[in-house]
Amino acid sequence: MTILITKILIFLLKFRGGGTSLPGKIALKLDKNILTKLASGWQVILITGTNGKTTTADMIFNTLQACEWNVINNSAGANMTPGIVVTFAKNHRFFAKATKRWAVIEVDEAYMRQVTSMLTPATIVVTNIFRDQLDRYGETTTTYKYIIEAIKNAPSAKLILNGDESMLGQMPIPNECCYFGFENYGKPEIAANTESIFCRDCKTRYEYQSIVFNHLGNYHCPKCGHARPKLDYTVTEVNLNPAGSKFLVNDEAVEIGVPGLYNIYNATTAYALADQLGIKTSIIKNSLAQQASKFGRFETIKIEDNLLKLLLIKNPAGCNQCIDTVAINESVVSLAFLLNDKYADGRDVSWIYDAHFEKLAKMPVAKVIIGGDRAYDMAIRLKVAGLDKLNFIICKNYDEVVVAIKAQKQDVYTFATYTAMTTFRSYLVDKKLAKKLKI
């Protein structure tokens with residue numbers, strides 16, 4: 001009965017245009033075991049980690065779909081337990097035939113323990129562990145604790161792990177592990193505010209042979225010997241450009257249509273998982289080559305004669321990768337920044353001082369459009385970073401943001417925190433300037 005009630009609520013709320021998680025909250029109140037029942041019979045793949053969850057999950061989902069497998073995912077981005085309940089309930093069939101079914105589920109790190117106590121995943125993917133929303137997650141050690149406890153709930157799950165992430169190597173778990181990473185990419189240079197550079201086990205400072213970005217790279221502890229594990233999938237010969245990237249994975253040429261070094265990690269994760277599932281290499285590569293940017297992950301929206309490029313930012317590591325990707329562009333651009341401080345963003349916005357906005361000051365920038373609840377905090381940070389305050393346009397609302405965007409004669413790269421991204425994109429949909437995302 002609870003499943004039927006949940007499906008009715010999903011239909012009614014979708015008809016009224018919202019409420020992706022509310023039916024799940026009600027279902028869990030009615031039956032605390034509802035997720036266990038709904039997930040029964042599904043081969044579940046869980047994707048968690050600080051950055052890259054959504055894009056990685058989308059890449060995996062698209063690859064499995066390309067094989068014409070029966071697969072679902074929580075594409076709406078509702079990655080906490082109630083939203084995951086909604087995903088399974090929406091796809092539940094009361095009289096479904098007994099066929100093999102796959103569920104690709106993105107999970108918030110703090111909710112992983114709860115989710116793995118309710119269902120039995122076939123595979124768990126962990127992308128990375130960075131500082132993120134310190135008021136909610138605390139330090140990286142807290143996030144690691146959440147993830148390791150979740151894995152211990154699922155000892156039979158196969159793990160696909162980022163081998164360059166020092167928190168994930170040689171974990172005290174019985175699970176079969178598969179590691180991916182870069183062979184040796186980048187100089188072993190550590191910025192002053194880099195996190196997780198001290199050994200997870202003995203707290204000695206790591207030594208690095210190479211660093212991809214932030215603390216990800218080929219590490220080892222000179223005291224206790226904790227080191228990067230042997231990689232099962234190795235990235236080499238990286239070629240970056242503003243439109244996408246080319247690289248090798250175990251000597252196989254891979255091309256993706258989304259830019260950014262971090263998206264190579266996402267694609268390699270998807271490649272490793274699909275290969276472990278026995279999917280043909282040609283299908284994997286073709287699927288990744290067709291991968292398009294989605295919801296703030298370099299999603300492009302045309303507004304009159306301008307291209308608006310949306311970039312989701314939520315912590316220093318991810319923001320820096322977005323900055324580095326934009327900085328590849330040598331032509332004149334305009335920049336927009338939408339900074340909020342709601343719960344889903346993290347109340348503490350001091351993290352913007354750990355992001356390298358100084359790199360943007362070296363670019364040919366026409367105008368800097370600034371909005372959101374903490375617009376003036378963002379403006380001060382950008383002024384400190386060296387951007388010309390005479391080019392600043394401070395906007396009180398999204399009407400003013402769009403007017404400023406329309407006035408530009410060049411592409412506009414928009415950096416936005418989560419709630420700013422969701423509300424701004426909904427505004428663009430309401431104004432018929434963007435298409436509604438499929439859920």
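Points to keep in mind about this one:
- Checking each residue of the stretch 382-392 against the condition of being loosely packed, with under 14 Cβ neighbours inside 10 Å and either assigned by TED's automatic domain parsing to the domain that holds THR194 or β-branched (Val, Ile, Thr) (or both) gives at least one match.
- Checklist (1) more than 14 Å from the chain's Cα centre (by Cα); (2) at pLDDT 85 or above applied to GLU304, failing item: (2)
- Conditions (1) of a type in the set (S, T, N, Q); (2) more than 24 Å from LEU64 (Cβ to Cβ); (3) modelled with pLDDT of 95 or more: number failed by ASN250: (2)
- Test: residue in the stretch 221-233 that is part of a strand (DSSP E or B), among the aliphatic types (A, V, I, L, M), buried (at least 22 other Cβ atoms within 10 Å of the Cβ) and in the same structural domain as ALA66 (by TED's automatic domain parsing): no
- Test result for LYS37, among the charged types (D, E, K, R) and in contact (Cβ under 8 Å) with a residue 12 or more places away in the chain: yes
- Condition check for ASP373: buried (at least 20 other Cβ atoms within 10 Å of the Cβ), among the charged types (D, E, K, R) and part of a loop (DSSP other than H, G, I, E, B): no
- Of the residues making up the stretch 83-127, those that are of a type in the set (Gly, Ala, Ser) and part of a loop (DSSP other than H, G, I, E, B) number 4.
- Applying the condition of being more than 17 Å from the chain's Cα centre (by Cα) and of a type in the set (Gly, Ala, Ser) to the stretch 43-98 and asking which residue is farthest from ILE26 (Cα to Cα) yields ALA66.
- From the list ALA103, ALA122, ALA154, the one residue that fits, being surrounded by fewer than 21 Cβ atoms within 10 Å (Cβ to Cβ), modelled with pLDDT of 95 or more and touching a strand residue (DSSP E or B) at 6+ places or on another chain (Cβ under 9 Å), is ALA122.
- Members of the stretch 198-207 that are within 12 Å of THR140 (Cα to Cα) and touching a strand residue (DSSP E or B) at 6+ places or on another chain (Cβ under 6 Å): PHE198
- Hits in the stretch 234-282 - residues which are of a type in the set (S, T, N, Q), at negative phi and either under 21 Å from the mean Cα position of the chain (by Cα) or not in a helix (DSSP H, G or I) (or both): THR234, THR236, ASN239, ASN241, SER245, ASN263, ASN266, THR268, THR269
- Single residue of the stretch 288-311 satisfying the filter (within 13 Å of ASP411 (Cβ to Cβ) and either aliphatic (A, V, I, L, M) or touching a Gly at 6+ places or on another chain (Cβ under 8 Å) (or both)) that is surrounded by the fewest Cβ atoms within 10 Å (Cβ to Cβ): LEU307
- Test for ALA253: is it surrounded by fewer than 18 Cβ atoms within 10 Å (Cβ to Cβ) and under 15 Å from THR56 (Cβ atoms): no
- Some residue of the stretch 22-33 being among the acidic types (Asp, Glu) and either surrounded by 22 or more Cβ atoms within 10 Å (Cβ to Cβ) or on the phi < 0 side of the Ramachandran plot (or both): yes
- Flag if ALA89 is over 30 Å from ILE264 (Cβ atoms), touching a residue at least 40 places away in the same chain (Cβ under 8 Å) and surrounded by 21 or more Cβ atoms within 10 Å (Cβ to Cβ): yes
The values are calculated or read from the model by the stated rules, or taken from the named source; none is laboratory data. Keep in mind the model is a prediction, meaning the values are calculated, not measured. Quick reminder, even Gly has a Cβ in these numbers, built from the backbone with ideal geometry, and neighbours come from all protein chains shown.
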